[in-house]
Each structure stands twice: as C-alpha cells, then as structure tokens.
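K.L.:
I am attaching a structure below and will ask some questions about it afterwards.
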Amino acid sequence: MIKVDKLIFNAFQENTYLVYDETSECLIIDPGCQDAYEQQELVDFIDEKKLKPVGQLYTHCHIDHIPGNAFVFKKYGLRPVMHKLSLPFFMRANEQSRMFGLDEIEIIEPEKFIAEGDKIKFGNSFLEVLYTPGHIDGHVCFANKNSKFVIVGDVLFRDSIGRTDLPTGDFDILESSIKDKLYTLGADFTVYPGHGVKTTIGHEMKNNPFVRI
Ligand SMILES: [Zn+2]
C-alpha cells in the first residue's frame, strides 16, 4: 500500500511529496525546504513516520522545487535524480534566484538521469516516469498505476495548468502532455500537483478551463 504525503515549503507554497510503502522506504520528490526551519520540518516528518529515504527526485527544476537538494544530499546521502533536459535549469538555478530576488541556493551535481518509461523502485513498489514538457523542458510526472495516482509537478493543477510564459514554456506542448500522458491514465487517478490541493483526472477532464476533453 503506497502513501503519498505532502509538506508545503518556501515563499511559493510549493508541495514537496513523500511517497512510501509498507517497507517505509521513501522517495522525496521536489524538496522545496528553503531554510533551517523547513529543513527540520522535513526531518521531523521522516523521523515521526520512521521513513527511510532512498531517492531524491525532481519533476522539474524551477527554483521553488529545488532549494532542499543540498540538504537532502547531506542528511540522507541521496544525490538529485532528474530528466537530462532539466540539468541546465538545475545547474543555473541561481540565475533564477537572482531573477526572483531570492537567496542563492547550493546545488549538488545529479547522480543520474531518468526518461520516459523508466521505473523508479522503492520498497516493494515503483513509480513510472512520464515525460511531460510544455511548462519547462525536462518536466516529468511520476505515476503509479496500481494505486492510481500521479505526481504532476507544475503541469496540471486543480482547475488550472502550469505557466507557459517562462523559458521553454509552450501551451501547445503542455496541452499535448496533459491530453496524451495524463488524461489517458484514467478518470479515477488522483493527481498530486506541485502547488495547491489534489484533484482527479476525471475532474480535470470535465472542468479544467484550459484543457478539457
Ligand atoms: Zn514550475
């Protein structure tokens, strides 16, 4: 049985997800913890649930999704794992920091890259990688077809979609990612977005004002 829990971090109210199963092995997705207080909140949560982090994964590398990367590496010995096309954004993250007037962050070199169709193991379970560009190059989603959920970063939100006005954003590509990769999963899939509350594929297919079927 897989559980998906959420912590909300930094000025952008970014959702950091912890995904774990009955073995307590846990994936940390988009650690957005920005300061010592938020870092402690992450550690306290992991300690309280007795989780064992085994992976540090990224949906994409906008600045609000990555500030915790060096902390997770130092605390748990896990290097970042992302799509190859995310690397330039990740390595130049502090250009984004300066653009948004934020403190600079430390960057840890990724360990390996993931691509469409890859399976990321934890405990007795795995997440499948879906390549979903349009919000930013290198964006991936993480799906589990047994437990019927998908972690979608900034591709799809409840009644909304990701911005397409930032570098490498493109509405037509984003629309294809949503229709071809997410809506095809099935109406009963739970959707965990990078900001805001969870939703379902069925709700978005019917009600999303930007990409409807
Ligand atoms: Zn983003």
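K.L.:
Can you find, within region 141-159, the residue that is farthest from the ligand (Cβ to nearest atom) among those that are in a strand (DSSP E or B) and touching a Cys at 6+ places or on another chain (Cβ under 8 Å)?
P.N.:
My answer is Val150.
K.L.:
Any residue at all in region 181-191 that's under 27 Å from Asn10 (Cα atoms), in contact (Cβ under 8 Å) with a residue 12 or more places away in the chain and within 15 Å of the ligand (Cβ to nearest atom)?
P.N.:
Checked region 181-191: no residue is under 27 Å from Asn10 (Cα atoms), in contact (Cβ under 8 Å) with a residue 12 or more places away in the chain and within 15 Å of the ligand (Cβ to nearest atom).
K.L.:
Then there is this: Out of all the residues in region 164-178, is one or more aromatic (Phe, Trp, Tyr) and in a loop (DSSP other than H, G, I, E, B)?
P.N.:
So far as region 164-178 goes, no, none of its residues is aromatic (Phe, Trp, Tyr) and in a loop (DSSP other than H, G, I, E, B).
K.L.:
Any idea which of (1) away from the ligand (no atom under 16 Å from the Cβ); (2) crowded, with 17+ Cβ neighbours inside 10 Å is the one Gly162 doesn't satisfy?
P.N.:
So the condition that Gly162 fails would be (1).
K.L.:
Which condition number does Phe12 fail, the rest of (1) closer than 13 Å to Asn69 by Cα; (2) outside any strand (DSSP E or B) being met?
P.N.:
Going through (1) closer than 13 Å to Asn69 by Cα; (2) outside any strand (DSSP E or B) one by one, Phe12 breaks only (1).
K.L.:
OK, next. Can you report the number of residues in region 111-141 which are over 26 Å from Asp170 (Cβ atoms) and at pLDDT 95 or above?
P.N.:
Matching residues across region 111-141 total 8.
K.L.:
Could you tell me whether any residue of region 70-78 is more than 30 Å from Asn208 (Cα to Cα), among the basic types (Lys, Arg) and modelled with pLDDT of 95 or more?
P.N.:
yes
K.L.:
Look at region 180-213 and say how many of its residues are part of a strand (DSSP E or B) and either small (Gly, Ala, Ser) or touching a Pro at 6+ places or on another chain (Cβ under 6 Å) (or both).
P.N.:
The total comes to 0.
K.L.:
May I ask you to say which residue of Gly169, Gly138, Gly134 is within 15 Å of the ligand (Cβ to nearest atom) and either of a type in the set (A, V, I, L, M) or touching a Cys at 6+ places or on another chain (Cβ under 9 Å) (or both)?
P.N.:
Gly138
K.L.:
So which pairs qualify, if the first residue must be in region 32-53 and of a type in the set (Val, Ile, Thr), the second must be assigned to a strand (DSSP E or B), the Cβ gap must be under 8 Å, and the two must be at least 6 apart or on different chains?
P.N.:
That search, which allows pairs on different chains as well, returns Ile46/Leu18; Ile46/Cys26; Ile46/Pro53.
The values are calculated or read from the model by the stated rules, or taken from the named source; none is laboratory data. Please read these numbers as outputs of a predicted model, since none were measured by experiment. Cβ coordinates were reconstructed from backbone atoms using ideal geometry, including for glycine residues, and neighbour counts include every protein chain displayed.
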